[in-house]
1. Mind checking which residues of the range 13-45 are more than 16 Å from Tyr70 (Cβ to Cβ) and of a type in the set (A, V, I, L, M, F, W, C)?
2. Report those strands (runs of 3 or more DSSP E) wholly inside the range 20-93 carrying at least 3 residues which are closer than 21 Å to Asn144 by Cα.
3. Go through the range 31-70 and give me each residue that's touching a residue at least 60 places away in the same chain (Cβ under 8 Å) and either in contact with a Gly (Cβ under 6 Å, 6 or more places away or on another chain) or charged (D, E, K, R) (or both).
4. Of the residues that sit in the range 108-157 and are in a helix (DSSP H, G or I), among the small types (Gly, Ala, Ser) and surrounded by 13 or more Cβ atoms within 10 Å (Cβ to Cβ), which one is nearest to the chain's Cα centre (by Cα)?
5. Identify all residues within the range 98-142 that are closer than 25 Å to Lys60 by Cβ and among the hydroxyl-bearing types (Ser, Thr, Tyr); write none if there are none.
Amino acid sequence: MTKTLISDFSNVILFPKNPEYKSGLNELHQQLRHAPDYNPLDYFQINIEILDFYTSLKSKLDLYIFTSGYIQEAPELLPFIQPVFKKIFSAAELGISKKDPSAYTKLTTLLNIKPEETLFIDDSQAFIEAAQIAGLVTIHYTNNTDLFYQINQLIDA
């Protein structure tokens, strides 16, 4: 039975406004953040539909973010994500790589949750595979429609 949902941030909850941009969001944020008038909302788009869906799950699941870098800490983004998630974890802050299965073991231990009762969502196949090795249930994010269907199948089972 799934009790916890852990979602990635970049390219699941946050996307570049420029659809041609294919590099990391944290890298773009690092390049731009020292500009005098920089506002992440000018360069990035929040997936409001997914945040609304996650919010609808709060009575059934504990919700967390596990991401690689720091973009989620931008003050302009926090009002969108803080009301939805219990806590945000960064692999950079924890000193671990999301490609390492021990990252997910460490995270589930920190949260005092069972890996097999934890659903992890990410757009990176490498991170999905690492989470699977650690025993988490996973969904490889490709789009909202498929994600919502798969989550509903898991929590209604």
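None of the figures in this text is laboratory data; all of them are computed from the coordinates on show. Please read these numbers as outputs of a predicted model, since none were measured by experiment. Heads up, the Cβs are rebuilt from the backbone with ideal geometry, glycines too, and the neighbour counts pull from every protein chain shown.
1. Of everything in the range 13-45, those that are more than 16 Å from Tyr70 (Cβ to Cβ) and of a type in the set (A, V, I, L, M, F, W, C) turn out to be Phe15, Ala35, Leu41.
2. Details: elements: 44-46, 62-67, 87-90.
By residue number, 44-46, 62-67.
3. Glu49, Lys60
4. Looking only at the range 108-157, we keep the residues that are in a helix (DSSP H, G or I), and these are 108-111, 115-117, 125-133, 144-156.
Next cut, among the small types (Gly, Ala, Ser) only: 126, 130-131.
Among the residues that remain, those that are also surrounded by 13 or more Cβ atoms within 10 Å (Cβ to Cβ) are: 130-131.
Details: Ala130: 15, Ala131: 13 Å.
Per the criteria, the residue is Ala131.
5. Listed by number, the residues that qualify are Tyr104, Thr105, Thr108, Thr109, Thr118, Thr138, Tyr141, Thr142.
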